[in-house]
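The values are calculated or read from the model by the stated rules, or taken from the named source; none is laboratory data. If you're wondering where the values come from, they're calculated on a predicted model, not measured in any experiment. Please note: Cβ atoms are built from the backbone with ideal geometry, for glycine as well, and neighbour counts cover all protein chains shown.
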Amino acid sequence: MVSDEKIVIVGAGPSGMEAALTLVKSGLRPIVIDAGARSGGQIYRRPPDSHRRSYTEIYGADAAKARHLHVAFDALGKTIDYRPNTRVWAAHEGALFLDGPSGRETLVYEKLILCTGATDRVFPILGWEAPGCYSLAGAQIALKSQALALGGPIGFVGAGPLLWLVAWQHLRAGAQVAGVWCTAPLKNLAFALPWLALRPRLALRGARQIVALWRAGVPIQFGARPRAVSVDGDGQVAGLQYSHGQETSEKKLQALALGWHLRSETQLSHLLGVPSVPRQHRPMIDGTGRSPVNGIYLAGDGVEILGADAARTGGRMAATALLNDLSRPQTMLTKLKSVLDRIKHVRMRAFAKGLTRAFPPPDSEHYRTLPEATVLCRCENVSLSAVRVASENWKCQDINRIKALTRAGMGRCQGRYCGATLTAIVASETGRARSTIPEHRAQAPIYPLTIVAKDR
């Protein structure tokens, strides 16, 4: 299978794997760039070979889907140029700059499918920088990769399906789950039912996880508001202070996981000039995955957070669009799948809208009541007071300006974790809608690079 075109797929999660499978079926040999050691991405992350756990133990209800995709991708063998443990740290005008096992290199492409995935969306509370605080995805990665449950008792704070999933996974793994504090009120679920009913199996799976936690005696609070993380004499997490209604309480803990949905990884698409959808902070594509930039396609959570199933259909759609642009012959089955995938995507998007209604991010009141000492940017240790000073004294209404004045967003994560917080703070201080606040401008390197000095 040899191609005259140099086709590159960035990412080997559900969307990237499906894109590769679709291209190979049409006789192409794509290059697949994967930051992980093995394909699967985050949702279908694989443990090391030394860990002998069943697919059911690792992936639960998604075991069959994970196994099928892993086996199918591994079977591609030499029909693709697979490059694990390789990151794209910069991109410019038809070239990707890679950092991998063989060192740094420049890869020129003609067609590019971006399947960059997503990261946690985390909002600050006082003391969240203390050792023992994790993101929800971080807690899940430790469980999947190393069969390591965070030390107990452990609490879970946030909103969204990942909150309940990770808490339930830890319960099933034998961890001592001290409680789940959901910041969304319970009534929101009732309002979102018309959208959630579009995918009844998935909605019921989430409901079963909540019920399982409740039946196990795990304290569950809807509409809770986290106030602060308590620490012991060594600075380690010791508890969570929270309010529910007019009542303020504290729960003793040894670990805490936080997260409010996910956010798309868009730095690479921004570097390549892909515009964002107005007022939505996500890359612009048509209904098949084409971007306005010629030769660039996008799929999966890197475009819109719709879940693993939607990522798979998005990968197939983007690959099919690429094949159409190359005038490559396709089977009737492939064409039919493409039509069905587009129909499925509409339903999945409506379901995701329902999840956002059921589990919205923290409101403006959360930020108005944050203590001034709250750390917003953990990488650079920038506090809320520093950001407010910049916003008030320098009339900053742009998080890029705040970044320049305070260093918030200049650290290792490059604003991945504090960007949403800074946007919410500026919106709260100025009275503007969050969607009107400009995003962080992407700049290389989008991931930290190791610099080694060599002796002459």
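Residue by residue, here is whether (1) out of contact with any helix residue (DSSP H, G or I) (no Cβ under 9 Å at 6 or more places or on another chain); (2) hydrophobic (A, V, I, L, M, F, W, C); (3) over 26 Å from SER269 (Cβ atoms); (4) in a helix (DSSP H, G or I) holds:
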| residue | (1), (2), (3), (4) |
| --- | --- |
| TYR59 | no, no, yes, yes |
| ALA66 | no, yes, yes, yes |
| HIS70 | no, no, yes, yes |
| PHE73 | no, yes, no, yes |
| TRP89 | yes, yes, no, no |
| PHE97 | yes, yes, no, no |
Original post:
Which condition does ARG349 not pass, out of (1) within 19 Å of the chain's Cα centre (by Cα); (2) modelled with pLDDT of 90 or more, if it passes all the others?
Top reply: (2)
Original post:
Are there any pairs, at least 6 apart or on different chains, whose C-beta atoms fall under 6 Å, with the first in the range 183-202 and over 25 Å from ALA224 (Cα atoms) and the second of a type in the set (Gly, Ala, Ser), and if so, which?
Top reply: LEU198/ALA350
Original post:
When you go through LEU96, LEU163, LEU112 one by one, which is the residue that is closer than 22 Å to GLY419 by Cβ, surrounded by 18 or more Cβ atoms within 10 Å (Cβ to Cβ) and in contact with a strand residue (DSSP E or B) (Cβ under 8 Å, 6 or more places away or on another chain)?
Top reply: LEU163
Original post:
Would the range 206-222 turn up any residue that is in contact (Cβ under 8 Å) with a residue 60 or more places away in the chain, within 22 Å of HIS170 (Cβ to Cβ) and surrounded by 12 or more Cβ atoms within 10 Å (Cβ to Cβ)?
Top reply: no
Original post:
Which condition does ASP301 not pass, out of (1) in contact with a Gly (Cβ under 7 Å, 6 or more places away or on another chain); (2) assigned by TED's automatic domain parsing to the domain that holds GLY152; (3) surrounded by 17 or more Cβ atoms within 10 Å (Cβ to Cβ), if it passes all the others?
Top reply: (2)
**OP:** Give the residues of the range 242-252 that are in contact (Cβ under 8 Å) with a residue 40 or more places away in the chain and over 22 Å from PRO360 (Cβ atoms), sorted by residue number.
**Re:** LYS251, LYS252
**OP:** Mind listing just one residue for me: the one in the range 308-343 that is of a type in the set (Val, Ile, Thr) and under 16 Å from SER15 (Cβ atoms) and, of those, farthest from the chain's Cα centre (by Cα)?
**Re:** THR320
Original post:
Does LEU162 satisfy the criteria of being within 23 Å of the chain's Cα centre (by Cα) and under 23 Å from GLY307 (Cα atoms)?
Top reply: yes
Subject >> ARG172 being farther than 25 Å from GLU304 by Cβ and of a type in the set (Lys, Arg) >> reply: yes
Original post:
Can you name the residue in the range 272-308 that is closer than 26 Å to LEU202 by Cα and in contact with an Asp or Glu (Cβ under 6 Å, 6 or more places away or on another chain) and, of all such residues, is modelled with the lowest pLDDT?
Top reply: ARG282
